[in-house]
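Take a look at the structure below.
The values are calculated or read from the model by the stated rules, or taken from the named source; none is laboratory data. Worth saying up front: this structure is predicted, and the values here are computed from it rather than measured. No Cβ is skipped: glycine too gets one built from the backbone with ideal geometry, and neighbour counts run over all protein chains shown.
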Amino acid sequence: MLIMSAMETKPRYCGILIHPVSFPGPHGIGCLGDEARQILSRLAASGVNLWQILPLGPTGFGDSPYASRSTFAGNELLIDARQVPFAKTSILDSCFTEQCGRVDYEKVRKYKMMVLFTAADDFLAKTPSAELEGFEAFCKENSWWLDDYALFQSLADFHNDSRWFLWPKGEAMRSPDVIEACNQNQHDQIMRYKVLQYFFFKQWNELHSFANSLGLKIIGDIPIFVAADSVDAWTNRHLLKIDKNGFQTELSGVPPDAFCAEGQLWGNPVYNWNEHQKDGFAWWRRRVEQTLKMVDIVRIDHFRGFEACWEVPAGSKNAINGKWVKGPGAKLFSSFGKGLPVIAEDLGVITPAVEALRDGLGYPGMKIMQFAFNAQDGGLDAANDYLPHNYDYSCVAYTGTHDNETTRGWYDHQNPEIKDLVRRYLQCPDDDVVWQMIRSIMQSHAEYAVFPMQDLLGLGNDGRMNQPSTVGSSNWSWRMKPGELADWMLDRFSGFASIYGRTNDANRRKGAR
């Protein structure tokens, strides 16, 4: 008589990490159009059931999705102009003749926003009033964030993209009379931004539904912090450690470690948690609720910062002189309700208190296989938590993430001793290391196994998405080339997903919902 263990009956899933900017296609940047649907269809047919993305908000200086101009708005640059009524896409066709290469954000923003703004004007002027009902309903339903966002972006444009705390005092401090006048003076630009948000959410909701129809769940992302240069900071100064003049008193970061002797000074404003508690964390609850309308599972970035956050005095040149300041812990997460599909990004300085918070909430953490190979007395540390044979079920396992080197780039940069450990652990030669790392994670007990698209493509560090603590044109700008995802890659991935029971069909046989 065959007895099946609980371990064998639990559902397990596999996914691909690729942000929409990285899809191929015209107009200089990936978008929410047909190219996305084509790639998602091929992934789903290969057994993939998770699509992980980065934050979807409109980006500011440096174009990091983790430094968005709004935690609630969508990135207008991701709109597929081909689906926008009245958009003169021939202008974009002539400006962007290549369908691949890294995103030139300055060029894309210059030409694409011009075309989209013009289309927004025509949409408002030429659409019959009866057909504007959907737009008007969108504006009414989302007025609680949309009104402030559209005004903020309009004023940023008017002030040549200067930071809000450098605007005239009445605007920076949101004097009611001044804000009323700004709403009147900036009316046309405000309406343009509202129309573009309507286009974005219409396209995103359609793409989300399409992905779900294929059996794909989308893993979204909430950065722990908001950007200093954001509508969130402008309208919620009382919730942040910002003084009466609009300037930050404390900055976010992480302490010095083996990788960075000066720590990392991120510079985001940090939270005044006492103010958040007064209304039961209402702003945070809305943030999570809004994100879960857009995605199916949410990854919360820098989870350890909710237990304690490294705060650095404003004016510091680095993060050395910071200190740990206690966060809200379980109080915040309890306010969200039970059973939310949350992943905790528990990387960095993880203490027993952070682990207890994560485990008490029942959130899966993250495992990065690239972190597993550190020589111990000339050999492998078999107890290393990041080795696949040690993964427990409640985790999301990756070869690497958007912040790491690609796996091929990582391996190529290792010294001979580490390379030997990797080859012996995986029992493979150099040229198959990436695929064998994928296979090793697939066969682990981890509930979720997610891989950057660059690893599926076997790219070196020319395909890297981000290098933390740097600002440059290579960050956040990687794009796939048309036809780069070959059938053999999907066939091999599909074979692993099937053999190790990570497809939707395999989970149905296990009785998973």
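Observations
- Scope region 82-110; condition charged (D, E, K, R), closer than 18 Å to Trp478 by Cα and assigned to a loop (DSSP other than H, G, I, E, B); matching residues: Glu98, Arg102, Asp104
- Within region 37-63, tally of residues that are over 30 Å from Ser469 (Cβ atoms) and either out of contact with any Ser or Thr (no Cβ under 9 Å at 6 or more places or on another chain) or not hydroxyl-bearing (Ser, Thr, Tyr) (or both): 12
- Residue match in region 212-226 (condition: of a type in the set (Ser, Thr, Tyr) and farther than 26 Å from Leu155 by Cα): yes
- Residues of region 61-81 satisfying the condition of being hydrophobic (A, V, I, L, M, F, W, C) and part of a loop (DSSP other than H, G, I, E, B): Ala67, Phe72, Ala73, Ile79
- Selected residue [surrounded by fewer than 22 Cβ atoms within 10 Å (Cβ to Cβ), more than 18 Å from Ser46 (Cα to Cα), in contact (Cβ under 8 Å) with a residue 12 or more places away in the chain and among the basic types (Lys, Arg)] from Lys419, Lys481: Lys481
- Residue selected from region 349-392 under the condition in contact (Cβ under 8 Å) with a residue 60 or more places away in the chain and in a loop (DSSP other than H, G, I, E, B), by the criterion surrounded by the fewest Cβ atoms within 10 Å (Cβ to Cβ): Val349
- Verdict on Trp144 being aromatic (Phe, Trp, Tyr), modelled with pLDDT of 95 or more and closer than 23 Å to Ser64 by Cβ: no
- Conditions (1) farther than 28 Å from Ile222 by Cα; (2) at pLDDT below 95; number of the one not met by Ile91: (2)
Residue-by-condition table, conditions (1) more than 25 Å from Asp346 (Cα to Cα); (2) buried (at least 22 other Cβ atoms within 10 Å of the Cβ); (3) touching a Lys or Arg at 6+ places or on another chain (Cβ under 7 Å); (4) among the small types (Gly, Ala, Ser):
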position: Ser394; (1), (2), (3), (4): no, no, no, yes
position: Gly409; (1), (2), (3), (4): no, no, yes, yes
position: Asp431; (1), (2), (3), (4): yes, no, no, no
position: Met442; (1), (2), (3), (4): no, yes, yes, no
position: Asn461; (1), (2), (3), (4): no, no, no, no
position: Ser469; (1), (2), (3), (4): no, no, no, yes
position: Arg502; (1), (2), (3), (4): no, yes, yes, no
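- First in region 1-25 and modelled with pLDDT of 90 or more, second anywhere and among the basic types (Lys, Arg), Cβ under 6 Å, 6 or more apart: Pro11/Lys510; Arg12/Arg502; Tyr13/Arg502; Cys14/Arg502; Ser22/Arg479
- Scanning region 46-60 for residues that are in a strand (DSSP E or B) and in contact with a Cys (Cβ under 7 Å, 6 or more places away or on another chain) gives a single hit, Leu50.
- Of all residues in region 115-129, those satisfying the criterion of being part of a helix (DSSP H, G or I) and in contact (Cβ under 8 Å) with a residue 12 or more places away in the chain are Val115, Leu116, Phe117, Thr118, Ala119, Ala120, Asp121, Asp122, Phe123, Leu124, Lys126.
- Exactly one residue out of Arg12, Arg82 is in contact with a helix residue (DSSP H, G or I) (Cβ under 8 Å, 6 or more places away or on another chain) and more than 25 Å from Val450 (Cβ to Cβ): that is Arg82.
- Verdict on Asn504 being at pLDDT below 95, over 19 Å from Met366 (Cα atoms) and either polar (S, T, N, Q) or in contact with a strand residue (DSSP E or B) (Cβ under 8 Å, 6 or more places away or on another chain) (or both): yes
- Looking across region 270-316, the residues that are in a loop (DSSP other than H, G, I, E, B) and in contact with a strand residue (DSSP E or B) (Cβ under 8 Å, 6 or more places away or on another chain) come down to Val270, Asn272, Val295, Asp296, Asp301, Glu307, Ala314, Ser316.
- From Leu32, Leu54, residue being over 20 Å from Ser230 (Cβ atoms), touching a residue at least 40 places away in the same chain (Cβ under 8 Å) and of a type in the set (A, V, I, L, M): Leu32
- Inspection of region 417-440 identifies at least one residue that is under 22 Å from the mean Cα position of the chain (by Cα) and at pLDDT 95 or above.
- Scan of region 216-240 for residues that are in contact (Cβ under 8 Å) with a residue 60 or more places away in the chain, in contact with a Pro (Cβ under 8 Å, 6 or more places away or on another chain) and either of a type in the set (A, V, I, L, M, F, W, C) or surrounded by fewer than 20 Cβ atoms within 10 Å (Cβ to Cβ) (or both), ordered by number: Ile222, Phe225, Val226, Ala228, Ala233
- Close pairs from region 318-329: first crowded, with 18+ Cβ neighbours inside 10 Å, partner charged (D, E, K, R) and part of a strand (DSSP E or B), Cβ under 9 Å, at least 6 apart: Gly322/Glu250; Gly322/Glu311
- Selection status of Arg492, closer than 24 Å to Pro388 by Cβ and surrounded by fewer than 17 Cβ atoms within 10 Å (Cβ to Cβ): yes
- Single condition Trp476 does not satisfy, out of (1) surrounded by 20 or more Cβ atoms within 10 Å (Cβ to Cβ); (2) in contact (Cβ under 8 Å) with a residue 60 or more places away in the chain; (3) assigned to a helix (DSSP H, G or I); (4) hydrophobic (A, V, I, L, M, F, W, C): (3)
- Criterion (touching an Asp or Glu at 6+ places or on another chain (Cβ under 7 Å) and surrounded by 13 or more Cβ atoms within 10 Å (Cβ to Cβ)) met by exactly one of Val115, Val178, Val84, Val108: Val178
- Taking region 98-128 as the range and being more than 30 Å from Pro482 (Cα to Cα) and touching a helix residue (DSSP H, G or I) at 6+ places or on another chain (Cβ under 9 Å) as the test, the residues that pass are Asp121, Phe123, Leu124, Thr127.
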